[in-house]
Amino acid sequence: MYLFFIKCLFLYWFIIFLSINYRSKDSTAFAFLPPRRQHHVSSKNIVTGNNYHGRMRPSNTSFDTNSEISQNEDPTLSLMRLAQGHFSSQALFSALKLGIVDIINKKYKTVDDICTKLPGKPNKEALLRTLRLLVTVGILKEQVNDQNEVSFGLSPTGALLQSSESSGIASFVSHWTEPAMWNAWSTLPDYIAGNISCSPFQEANDNQTLVEYYNSHSESRRYRNDVARFVSSGEIAAVLDGYDWKLLNNKTIVDIGGGYGDMMHALHEKFPAITCKCLDLANVIADAKPMDGVQLVPGDMFGASTIPSCDVIFMKHVLCDWSDEDAVKILRNCHAALSIDGKVILADALLNSGDKAYNSNQVQAYVDALLMVVGSRMERSRAQLSNVAREACFEIETVTSTDSP
């Protein structure tokens, strides 16, 4: 995750763009976008490497962010490895769907041991071959005793997929690989060619939007909600650590699209001198529980009059849900609500571009493709965000990375 800062001055709608001051390690994090005098906007991003949503991967995991197309690997083999990636992801989905990870638990189990815990009449050969595939990608470990009897145990990476784990990784895997999402990818060629006008997800799921589908499929909805909670928990800590919030003491901040107010509650607990407000749609605010130090405000980011006057506006993963045209409208409404020396702090992903994008296996690019498949939402590169900001009378000034993707 990254923080990037955008800053701008304007007089009577003439825009003066200030010079860009880069602070980032690799990409983006907080951006300052100001209105009349000096307004600032920040955004956060996703980083690849060994820190995943603020939680360290086990040191002996076999996952390699650059393993898809290795610089030192034969190109043909690299392409084969890339094309066969879905073999292991579907094997992983099967292991979770059937509860195999929980059956193995902390002790090595033979195929017969596992079969006794599965319903019906399991296909032992299919189970054995699936388990061996999961061994090759580092999810399981295999042991052979003196009698040549094979048994399987969980690797440190595989152990993260147990239902008893609070990490939420298992829901991530299930959310991305279950049939509703899986089938959507098969319609991507038609979507790219312009043969279908709805999203690939809708095309593959009886024209149901993402919201409609999850409203009628409780298990899928649980996966998605678990993913949202998992992401949010790691990001809140990263955002709190990624900016010197003491600079906002005795000022008022409004979290637009802030849901139930979790971000503002965490901010107020750590920085009680900041007045915190959370704005979301009326039906969302109606379901929110009162929180100490957070004023819950029913409103609409597309209704400028519903955004309270404030010194700072914060948005986390908001602009990625909207087209460039709508993102400009949102930022202009923010512009109107801010005080003369106000700021906007954005927390969002930023895509690599040019040479930095090549063979990077950047998490943001995968997420952006996923957003496209489920319904036209998007992550942006720095240049794309800069264009949106400029249309709303803002300019990116600096970008700073955080500790969360």
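Among the residues of the stretch 266-302, the one identified as open to solvent by 40 Å² or more (accessible area, probe 1.4 Å) and in contact with a Pro (Cβ under 6 Å, 6 or more places away or on another chain) is Ala282. Count of the stretch 206-232 residues, restricted to those that are open to solvent by less than 60 Å² (accessible area, probe 1.4 Å), free of Cβ contacts under 8 Å to residues at least 40 places away in the same chain and either of a type in the set (Val, Ile, Thr) or over 15 Å from His175 (Cα atoms) (or both), is 2.
One residue stands out among those in the stretch 327-340 that are open to solvent by 10 Å² or more (accessible area, probe 1.4 Å) and not in a helix (DSSP H, G or I): the one that is farthest from Met315 (Cα to Cα), which is Ile340. Thr130 meets the conditions (1) within 28 Å of Arg221 (Cα to Cα); (2) outside any helix (DSSP H, G or I) in every case but one. The failed one is (2). Do the conditions hold for Met263, that is, is it surrounded by 19 or more Cβ atoms within 10 Å (Cβ to Cβ) and either at pLDDT 90 or above or within 27 Å of Arg332 (Cβ to Cβ) (or both)? Answer is yes for this residue. The set of residues from the stretch 341-379 being out of contact with any helix residue (DSSP H, G or I) (no Cβ under 7 Å at 6 or more places or on another chain) and either polar (S, T, N, Q) or open to solvent by less than 10 Å² (accessible area, probe 1.4 Å) (or both) comprises Gly342, Ile345, Asn352, Asn359, Ser360, Asn361, Gln362, Gln364, Ser376. Pairing residues of the stretch 112-137 that are of a type in the set (Val, Ile, Thr) with residues that are loosely packed, with under 14 Cβ neighbours inside 10 Å, at Cβ distances under 7 Å and at least 6 apart in sequence or on separate chains, gives Val137/Ser62.
Scanning the stretch 360-405 for residues that are under 28 Å from Ser186 (Cα atoms) and not in a helix (DSSP H, G or I) yields Ser360, Asn361, Gln362, Ser376, Arg377, Met378, Glu379, Arg380, Ser381, Pro405. Taking (1) closer than 19 Å to Glu165 by Cα; (2) modelled with pLDDT of 95 or more; (3) not polar (S, T, N, Q) in turn, Phe152 satisfies each apart from (1). Across the stretch 360-405, the number of residues qualifying as over 24 Å from Tyr243 (Cα atoms) and under 20 Å from the mean Cα position of the chain (by Cα) comes to 16.
Taken together, Phe394, Phe314 contain a single residue that is over 23 Å from Ala228 (Cβ atoms), in contact (Cβ under 8 Å) with a residue 40 or more places away in the chain and aromatic (Phe, Trp, Tyr), which is Phe394.
The values are calculated or read from the model by the stated rules, or taken from the named source; none is laboratory data. Since the model is a prediction, treat every value here as computed from it, not as a measurement. Please note: Cβ atoms are built from the backbone with ideal geometry, for glycine as well, and neighbour counts cover all protein chains shown. Accessible surface areas use protein heavy atoms only, side chains included; no ligands, DNA or RNA. Shrake-Rupley method; radii C 1.70, N 1.55, O 1.52, S 1.80 Å.
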